[in-house]
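Chemist: I have a structure here, written as structure tokens, and I will follow up with some questions on it.
Read-outs: derived from the displayed coordinates by stated rules, not from any lab. In this text the structure is predicted, and so the values were computed from the model without any measurement. As a convention, Cβ positions derive from the backbone with ideal geometry for all residues, glycine included, and neighbour counts pool all protein chains shown.
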Amino acid sequence: MYKSSTPCSVVETFNGRGSVQQNLHYGIVIFACSIVANEEVVFKKGDTKGMPKQQSDSARWSSLMVRAQQGSESDYQQLLTELANVIHAYLRKRFGNQPFLEDCVQESLLAIHKARHTYDPQRPFRPWFFTIVRHKMIDYLRHKKSYQRVIKYHQQEKAVREQQVKRDMMEDTIDNDNLLGELPPRYRMALTLTKLAGFTNAEAAKQLGISEGAVKVRVYRAINKLRQIIEAED
Amino acid sequence: MNNRESYIAELSQNLVPVKRMPNVNLLGVIWFTVSVIYVIAQIHFYDPIRPGAFSQTISSPRFLFESLLGIVAICWVGLQTFRDAVPGLQKHSFMIGGYLLIAIWLSQYVIGLISPALEPSTLGKRDFCQYETMIYSLPPICLGWFLIRRFYPLEPVRTAASISLASGMIPALYMQFACMYDPSHILMFHIAPGLLMVLVGVAITWYWQPDGSK
């Protein structure tokens, strides 16, 4: 079975225990690790240990969930491990490589755990599963503050030049193929600066040359737009 | 063992078997039926209804249509609320359909301001119809949320608003039989208090969340 090679201790460090420079360094490490991880998950389609075809996946997950509902710990563990890899690949495809993906995966797993009694084996697994993931992803972005606060603390001691480097790096991870690339540039910038790069609304406003209120509005609209795009995909 | 693996192991540890959820559509219909019976009983218990109100459904087809449309719209919204509490079950079009029906139903009263379905009169007027509407809708809200919170509403505010809307509209609809018929009175003293209950319902459900956290 495929195991994620992303070092989660590195993610923890990135979430606030190191300096900005360290964070940048670890960001690169995470990026590299995730590329390796996702190549295994997404691109090895013939590999049955990685990500088999949708139909058989759905049927297997359904039967695993049924046994989990009856209390089978091993089946449940296997199910969550497989789903975690799928969620990670799903998010990475839409957001590019971002340091918050692992947090988002774990939030989704917790939601699946809490909602496991609502799964009906007579219905397909995937709509149930992806509805939860989609909502958790949007929720996570909307309420993402702790990471922002930690970054803000570190940024107080750093020069604007370093912030610029960080911003540029974050932008580099967003290519036109992922979900963020589909947002209008002004929304994408606001979302990237506040939710991904960890700037406060005031700092983002300064960088974008707009008011703080306008940043909030753009972030709000960006999240709504993301929701619409994801719902349209589904 | 990395962070994710330990997290999954923790979630899987001491896994408690869960009961299969009941049929959510059936539960929605039961909620609607119980709520309607409760509201009708309460209204009849408090004061007699307008004399000849039901015979007016025969004499005025538009009044009948207005009433039936209201029943269907409220039942639909109630049902969609229960479906909304199960991930992946609710279709967007189904949800839009419910709100659209409510809007069409309410628009009948707005049209009634110019061309009423029945001749407006003060016959059967109840002194506290607005308060009755609000108070009678509280038990359906609480019952509905008590049932819904057992599922997993991903959009709790939307779900709470929908169940409160349906609950508020049940007494508001029956008031057109129990109280005087005048579209302006209906809009101001029956519909508006019913709509106000959406805010009250959201507040109630906010403090009564499934996991006890706000």
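Chemist: Length gain on complete extension for the stretch B:Glu5 to B:Lys19, per 0.36 nm per residue less the alpha carbon to alpha carbon distance? Spell out each step's value before the answer.
Modeler: Details: separation 14, 0.36 × 14 = 5.04 nm, distance 2.65 nm.
Roughly 2.4 nm would be gained on extension.
Chemist: Follow-up. Testing the spin-label approximation: label points 7 Å from Cα along Cα→Cβ at B:Ile204 and B:Phe146. State their distance in nm.
Modeler: 1.1
Chemist: Based on other C-beta atoms within 10 Å, arrange A:Ser72, B:Ser107 from fewest to most.
Modeler: B:Ser107, A:Ser72
Chemist: Here's another thing I want to ask about it. May I ask you to derive the FRET efficiency for B:Asp127 and B:Val157 from their Cβ-Cβ distance with R0 = 25 Å, giving the value to the nearest 0.05?
Modeler: Efficiency at R0 = 25 Å is approximately 0.15.
Chemist: Helix-derived [θ] at 222 nm for chain B: sum -39500 (n - 2.57) over DSSP H runs of at least 4, divide by residue count, nearest 500? Please list the in-between numbers first.
Modeler: Working: 8 runs with 140 residues, N = 214.
Rounded to the nearest 500, it is -22000 deg cm²/dmol.
Chemist: Top mean-square fluctuation among B:Leu195, B:Leu79, B:Leu68, Gaussian network model of chain B, C-alpha springs under 10 Å?
Modeler: Looking only at B:Leu195, B:Leu79, B:Leu68, the biggest GNM fluctuation is shown by B:Leu68.
Chemist: Further, regarding this structure: Roughly how many debye, to the nearest 20, is the charge dipole of segment A:70-115 about its Cα centre, given +1 on each Lys and Arg Cβ, -1 on each Asp and Glu Cβ, and no other charges?
Modeler: It comes to approximately 280 debye.
Chemist: Calculate, axis by axis, the spread of Cα positions in segment B:125-214 along the three principal axes, and write the results as whole Å, longest axis first.
Modeler: Largest first, segment B:125-214 extends 44, 17, 16 Å along its Cα principal axes.
Chemist: Same structure, new question: Can you work out the PRE-style zone for B:Ile104? Point 7 Å along Cα to Cβ, and I want the residues of segment B:55-88 with backbone N under 16 Å.
Modeler: B:62-78
Chemist: Taking chain B as the reference, fit the longest principal axis to its C-alpha atoms, fit the long axis of helix B:92-112 to the helix C-alpha atoms, and give the angle between the two in degrees, 0 to 90, nearest 10.
Modeler: Between helix and principal axis, roughly 20 degrees.
Chemist: Give me B:Trp145, A:Trp61, B:Trp206 ranked fewest to most by other Cβ atoms within 10 Å of their Cβ, as a rough exposure proxy. Before the final figure, lay out the partial values.
Modeler: On the way: B:Trp145 25, A:Trp61 22, B:Trp206 12.
Least to most surrounded, the residues fall as B:Trp206, A:Trp61, B:Trp145.
Chemist: Would you mind calculating the gained length between A:Glu73 and A:Val217 on full extension (0.36 nm times residue separation, minus the Cα-Cα distance), in nm to one decimal?
Modeler: Working: separation 144, 0.36 × 144 = 51.84 nm, distance 4.46 nm.
Gain on extension, A:Glu73 to A:Val217, equals 47.4 nm.
Chemist: Taking neighbour counts of Cβ atoms within 10 Å as a proxy for exposure, in what order, fewest first, do B:Lys19, A:Lys136 appear?
Modeler: B:Lys19, A:Lys136
Chemist: How long are the three semi-axes of the equivalent ellipsoid for chain B, computed from the Cα gyration tensor as the root of 5 times each eigenvalue, in whole Å, largest first?
Modeler: That gives 39, 16, 14 Å for the three semi-axes.
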